[in-house]
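Engineer: Below is the structure I would like to discuss, written out as structure tokens.
None of the figures in this text is laboratory data; all of them are computed from the coordinates on show. Remember, it's a predicted structure, so these values are computed and weren't measured experimentally. Virtual Cβ from ideal backbone geometry, glycine too; neighbours counted across all protein chains shown.
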Amino acid sequence: MSRTVTMSDASRVAYWQQRQVEVKKRNQGLAKQARQDARQIAAFLAKHYGVQKVVLFGSLATGPFTADSDIDLAVAGLPVADFFQAYGELMALSDFIIDLKPLEKVDPHFYQRVMTQGEVIYEAIHSG
């Protein structure tokens, strides 16, 4: 049995399609801002704490990034004694929640996943 599509049904479909376009556009804008924040955070960690590497992972690296997403960063070379101070300072650099993981302390499976699926956004250049 077929159902006749009414104008109101078509209006609802059009509304939801438009809504999806708006949400996607908003999420793209949020992702752009979050990426800028992530790079700023990486530069801050390099300058103030001498980190060796910062890897972006999670939804910002692989998608989809939404209004509920956070900035996932794995960092190498952040002294353990400075971790909580650095983390507290990072909170002022972004309106997004920041999830900071020390690469030296994560399990091997997680490390491998971050390094294969993540995006290195900072790496120290060693001369020598």
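Engineer: Using the Kirkwood formula on the Cα atoms of segment 60-128, what hydrodynamic radius do you get, in angstrom to one decimal?
Structural biologist: On the way: mean 1/r = 0.0736 Å⁻¹.
Answer for segment 60-128: a Kirkwood hydrodynamic radius of 13.6 Å.
Engineer: Next question, about the same structure. Placing +1 on the Cβ of each Lys and Arg and -1 on the Cβ of each Asp and Glu in the chain, which of Ala124, Gln18, Gln85 has its Cα farthest towards the positive end of the resulting dipole?
Structural biologist: About the Cα centre, the residue reaching furthest to the positive side is Gln18.
Engineer: Please report the antiparallel percentage of DSSP beta bridges with both residues in the chain, rounded to the nearest 5.
Structural biologist: Beta bridges within the chain, antiparallel portion: roughly 65 percent.
Engineer: From the gyration tensor of the Cα coordinates in the chain, what semi-axes in whole Å does the equivalent ellipsoid have, largest first, with each one equal to sqrt(5λ)?
Structural biologist: 41, 15, 12
Engineer: Turning to a different aspect of this structure: Nearest 500 deg cm²/dmol is fine: what mean residue ellipticity at 222 nm does the chain get from its DSSP H runs of n ≥ 4 alone, each adding -39,500 (n - 2.57), divided by its residue count?
Structural biologist: Mean residue ellipticity at 222 nm (helix-derived): -17000 deg cm²/dmol.
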